[in-house]
Structure formats: C-alpha cells, structure tokens
1. Condition first: surrounded by fewer than 16 Cβ atoms within 10 Å (Cβ to Cβ) and either of a type outside the set (D, E, K, R) or within 14 Å of the ligand (Cβ to nearest atom) (or both). Now tell me which residues in region 215-247 satisfy that.
2. Here are some residues: Val223, Val227, Val183. Which one is in a helix (DSSP H, G or I) and either closer than 25 Å to Arg301 by Cβ or modelled with pLDDT of 95 or more (or both)?
3. Has region 206-221 got any residue that is in the same structural domain as Arg301 (by TED's automatic domain parsing), more than 27 Å from Ile329 (Cβ to Cβ) and small (Gly, Ala, Ser)?
4. Can you tell which of Gly263, Gly199 is assigned by TED's automatic domain parsing to the domain that holds Gly312, in contact (Cβ under 8 Å) with a residue 40 or more places away in the chain, outside any helix (DSSP H, G or I) and within 15 Å of the ligand (Cβ to nearest atom)?
5. Of the residues Ala180, Ala209, Ala191, which is more than 14 Å from the ligand (Cβ to nearest atom) and over 17 Å from Phe128 (Cα atoms)?
6. Among residues belonging to region 1-53 that are among the hydroxyl-bearing types (Ser, Thr, Tyr) and part of a loop (DSSP other than H, G, I, E, B), point out the one that is farthest from Leu69 (Cα to Cα).
7. If you check Ser169 against the conditions, is it within 12 Å of the ligand (Cβ to nearest atom), of a type in the set (S, T, N, Q) and either assigned to a loop (DSSP other than H, G, I, E, B) or closer than 20 Å to Gly316 by Cα (or both)?
8. Given the structure, is Phe315 under 30 Å from Asp226 (Cβ atoms), within 8 Å of the ligand (Cβ to nearest atom) and outside any strand (DSSP E or B)?
Amino acid sequence: MTGQPNGEDLKQKLSELDQQATAEIAEAKSDAELDQIRVKYLSKKGEVTAILRSLGSVSPDIRPQIGALANDLRNKIEEAIERRKSEILQQKIEMERYAFDPTVPPTRTATGSLHPITIVSRELEDIFRGMGFTVVDGPELETDYYNFEALNTPKEHPARDMQDTYWVSDILLLRTQTSACQVRAMEKLGAPLRIITPGRCFRNEDIDASHENTFFQLEGLLVDRDVSIANLIYVMKTMLSEVFKSDVTVRLRPGYFPFVEPGFELDIKCLICSGEGCPTCGRSGWVELVPCGMVHPNVLRYGGVDPEEFSGFAFGLGLTRLVMMKYGISDIRVLNSGDLRSLSQFGIIDAQSS
Ligand code: FA5
C-alpha cells in the first residue's frame, strides 16, 4: 500500500484476508500450524497488523470505520484459532478413546500369590479359631528367659543343646521355638486360655532336605481346669484331619521336653514316600510333626497360673514340615528359595492367577 490508501481497497483487502485466514484455520491440523497462521496475520509483521499500522495515512473520515473492521478481523482470527485448537484437542481425545478396543482379550501378566506357608498358617488359624483359640504373636528376637528359663530349661540344662542357638548377646537370642510365647501369653492373658502362635524360628542347623536354619512352627497352648491327654489328642486329630482333608497315619510316642510332662512326639507317615523311606523323612518313613504334652507345673507357675487349680497341654507344630507334607514338597529348601519356578511346580503359585 503506497500513497494514501483508498477506503474501498482496504475494505476489499480486509475481506480477502478474512476469507483466506478462515480457510487456512479450518484446514489446520495441529497447534503448530495454527501458531504459524497467527504469526502470518496477527504478529508485528502480520498482514492484519500492517493494515492497522497504515491507519495513520488513511483519510480521517474513513479511518474509524477501517480501524473497527481491522480490529474485528483481528479478534475474529484470534477466536477462530482458539476454537480450532480446542477442536483438534477434542478430536485427539476421541481418537484415543476409540483406539481402546474392549473386545481384544487382555494380555495377562504374571502375578504372585501368598507363600504356601502363609496359606497353610491362615488355614490353621481358621481351624483353631473354630475350636475357640485366639491367635497371638511373639517376638523373633527373644530373651533367654522366655525361650529357655521360663520353659523349665535353666542355663546348664542339657536340653538346650538340642536347639543350637543363635545368640545375639548374653541374654538375647533368635528364638529357637515358638514355645517362647507360652509364658508371655499366660502373663498377659491369665487362665483359662487357648492360644496359638505361628511364627519363624531359628537354629544353627546343618541344612538338608528336611532341616533349615529358618523355619516356621505353630505353637498351641490350652490352660483350663481338668485338662487331660484325651483333650490334647482330640485337638491334634481334629487339626490334622481338617488340614489334610483325608486320613493320614499318625503315631504317638514318648518325647522329652523339659516344659511338658508327660511329653509326646506325634509323627505322621511320610506323604512323600508313603512310609517307604526317603531323604525327606530321613529314611524312617515317619515325619516328626507335632511334639506335644501336658504343660509342666513349673511353666504354669512361671506364667503366674496356679498348677493346683489349672492344667493344660501345649504343642509345637512343625509348620514348614506340614506344608511340605500337604503339598508333596520333598526338599525344605524350596520354600525359602524364593524361586517361583519351583513353587509354581506345586500349583501353589499360579503364574496366571490374580
Ligand atoms: C520344639 O521346638 C518344641 N518347642 C515343641 C513343643 C512344643 C513340645 C510344646 C512340647 C510342647 P522340636 O525341636 O522337636 O520341638 O521342634 C518342633 C518341630 O519343629 C519339629 O517336629 C519339626 O517339625 C520342626 N523343626 C524343628 N527343627 C526344624 C528345622 N531345623 N527345620 C524345619 N523344621 C524343624
């Protein structure tokens, strides 16, 4: 535009710019394209801006009219660009929504499951709750007092040698047996009481197919008036038949533990070899599963319970071994290995389960 611009020419030019910009905006496919259009028409060097700048040389009688038209066009282009940007965004959202096809079968990811020891422990907790027992917990870092002393096993007692202990200090140890919870429970709950306490135990053992240095036991303690061996045997039988859901052959033989009198060893016929003899059962055909007995009066006294009034029974189920028998696991090391390939062989971990 040179000389004094003609009003009609300017109107014509604005109208052309309007059509041109409207068409370009409608065809734009991205924010970047729209930004270029904004530069082309509205930036300092833009075409609409050029007309606004030229207003000074337009004759005063048409200047307001041309100015108003140019400003209107400026606003129109600005709004059209914003509108088109939100249309593009909306289209993108719609496309993404329809890109999801709900009819395509899902890709299933492998998920874990509870550890077999946890599964069986929970099962046992349910069984014992059904017989009126409460589940209690005890510390893995235990004192000499609760792990031995209060279980009628003083310092020089030879029975301590049967449980090769990890000592942490002169008085602290990693508990070797869940029996450590017996006196703790009596102190806390008094008599009568029925508790079970599942948990980890530690012994400095030579490891083989049936021995680990870290394994689980499930302790049970019932204290009441007139408790007899018959009650103990009934509870053991009920527990085993509910866990295995089939008959298992058991044998009861005398066993010695300083904290019970009389004491028993309850073994089950090895389910790995059907009693033929294998590494899991030490080739004996039997698996030591639940040592048990009638609570020694001294232990009741340590727990603050009067042995003249109350009696009780206790048992220390080898939970890890029970899991082995239940799932036919011949080597205890599999259970601590964390190897999902091994665990999945027993159908315990379903790689596809949720
Ligand atoms: C005890 O630990 C007694 N506290 C059990 C008890 C409780 C007796 C209440 C009387 C009254 P024992 O050392 O035998 O007993 O262990 C109990 C069970 O734990 C064993 O029968 C066995 O199944 C399991 N067990 C023991 N040592 C290991 C080990 N190293 N690895 C895996 N399981 C073990």
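The values are calculated or read from the model by the stated rules, or taken from the named source; none is laboratory data. Quick caveat, the model's predicted, so the values are computed rather than measured. Positions of Cβ are generated from backbone atoms using ideal geometry, with glycine treated the same way; all protein chains shown enter the neighbour counts.
1. Scanning region 215-247 gives Ser228, Ile229, Ala230, Tyr234, Thr238, Ser241, Phe244, Ser246.
2. On the way: Val223 fails: in a helix (DSSP H, G or I); Val227 fails: in a helix (DSSP H, G or I).
Being in a helix (DSSP H, G or I) and either closer than 25 Å to Arg301 by Cβ or modelled with pLDDT of 95 or more (or both) holds for just one of Val223, Val227, Val183, which is Val183.
3. No, region 206-221 contains no residue that is in the same structural domain as Arg301 (by TED's automatic domain parsing), more than 27 Å from Ile329 (Cβ to Cβ) and small (Gly, Ala, Ser).
4. Gly199
5. Details: Ala180 fails: more than 14 Å from the ligand (Cβ to nearest atom); Ala209 fails: more than 14 Å from the ligand (Cβ to nearest atom).
Within the list Ala180, Ala209, Ala191, the selection yields Ala191.
6. Ser30
7. Details: within 12 Å of the ligand (Cβ to nearest atom): no; of a type in the set (S, T, N, Q): yes; either assigned to a loop (DSSP other than H, G, I, E, B) or closer than 20 Å to Gly316 by Cα (or both): yes.
When the stated conditions are applied, Ser169 does not pass them.
8. So Phe315 does not fit the description; no.
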